[in-house]
1. Taking the condition of a type in the set (Lys, Arg), surrounded by 23 or more Cβ atoms within 10 Å (Cβ to Cβ) and either assigned by TED's automatic domain parsing to the domain that holds Asn246 or at pLDDT below 95 (or both), does Arg112 pass?
2. Within region 23-72, restricting attention to residues that are assigned to a loop (DSSP other than H, G, I, E, B) and in contact with a His (Cβ under 8 Å, 6 or more places away or on another chain), which residue is surrounded by the fewest Cβ atoms within 10 Å (Cβ to Cβ)?
3. Condition first: under 16 Å from the mean Cα position of the chain (by Cα) and more than 8 Å from the ligand (Cβ to nearest atom). Now tell me which residues in region 67-84 satisfy that.
4. Which number in (1) touching a residue at least 40 places away in the same chain (Cβ under 8 Å); (2) surrounded by fewer than 19 Cβ atoms within 10 Å (Cβ to Cβ); (3) touching a Phe, Trp or Tyr at 6+ places or on another chain (Cβ under 6 Å); (4) under 17 Å from Leu21 (Cβ atoms) marks the one condition that Lys176 misses?
5. If you go through region 218-258 one residue at a time, how many are in contact (Cβ under 8 Å) with a residue 60 or more places away in the chain, part of a strand (DSSP E or B) and within 16 Å of the chain's Cα centre (by Cα)?
6. If I filter region 196-221 down to residues being of a type in the set (Val, Ile, Thr) and farther than 21 Å from Ala126 by Cα, which single residue comes out as surrounded by the fewest Cβ atoms within 10 Å (Cβ to Cβ)?
7. Inside region 38-59, can you point out the residues that are in contact with a helix residue (DSSP H, G or I) (Cβ under 6 Å, 6 or more places away or on another chain) and farther than 16 Å from Glu253 by Cα?
8. Take Pro61 and tell me if it is at pLDDT 95 or above and outside the structural domain of Phe250 (by TED's automatic domain parsing).
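The values are calculated or read from the model by the stated rules, or taken from the named source; none is laboratory data. If you're wondering where the values come from, they're calculated on a predicted model, not measured in any experiment. Glycine gets a Cβ as well: all are built from the backbone with ideal geometry, and neighbour counts include every protein chain shown.
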Amino acid sequence: MSKFSNNCHKVTFIKHWTESLFSFRIQRPQSFKFRSGEFVMIGLPHENDKPILRAYSIASPSWSEELEFYSIIVKDGPLTSKLKNIKINDEIIMMPKSTGTLVLDALKPGKRLFLLSSGTGFAPFASLIREPETYEKFETVVVTHTCRTVPELAYSQEIINESNDDEIIKDFIENKLISYHSTTRESFMNNGRITELISTNKIFNDLKIDHISSDDRFMFCGSMGLNNDLKAIMIEHNLQEGANNNPAEFVLEKAFVG
Ligand SMILES: Cc1cc2nc3c(=O)[nH]c(=O)nc-3n(C[C@H](O)[C@H](O)[C@H](O)COP(=O)(O)OP(=O)(O)OC[C@H]3O[C@@H](n4cnc5c(N)ncnc54)[C@H](O)[C@@H]3O)c2cc1C
């Protein structure tokens, strides 16, 4: 018996959004606890070799009965070139310990929470916007998602629409959740990187909301380049980076290594 057999969980749902993006759910082991926004190591069982495990943000909230993931498909990627072929009832390995910095505990109390993402970096925010505690802690939650093309926004658009109608979460959301989508390579109602949209104040003007203040808290998840540029904007506004053991005004996590 493989030493990973206790960590295998059945796939219950799969949806392909574009040629290179899909989401799937697995059964949640009863003993598995996590905080909304955390990530976990997952992989595919392998008969002889050690499985290839990769970090994945859990896209479902902490109260969910199943665990959802939102995945890129990297051509020739060691994991995702195989993961893209999973079917219902196949098994996924998930290591039992979750971790991460995109958690509410890593932020000081504030009034508005900005969740800024690009590409699959939306996954941890798919969890946090469906977490009641997010709305207990913040008066307004602004979630943004930027991708190259319009079809790549479909997953986040659906999650946000469904959250507003969801029996469990809609009463917590009330009118607190604001969303903003933009593209960088295709014409859309909003265009540009989130860094430009913030620096030019376009996002604040479009949403008719106040500019950045010391009461704002930020989480961001994108490429290393995007995270660095956003971090520079945070520092310009005298906001400090937080951590689990030292809450502050913003936290970030890489959406991938590379
Ligand atoms: C903390 C953390 C959380 C992550 N959460 C997710 C998640 O929720 N969903 C997800 O799809 N991936 C996520 N990743 C990336 C994931 O771990 C893998 O890299 C990805 O699944 C590809 O695996 P692979 O073995 O096929 O290719 P790898 O060998 O891992 O990657 C090959 C190359 O593909 C590119 N790449 C990898 N992942 C991405 C991505 N997500 N978006 C754009 N380019 C990418 C990079 O250039 C990388 O060097 C996360 C990574 C980290 C560090």
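1. no
2. Applying the filter and picking the extreme gives Pro29.
3. The answer is Leu67, Glu68.
4. (4)
5. 9
6. Thr200
7. Of everything in region 38-59, just one residue is in contact with a helix residue (DSSP H, G or I) (Cβ under 6 Å, 6 or more places away or on another chain) and farther than 16 Å from Glu253 by Cα, namely Leu44.
8. yes
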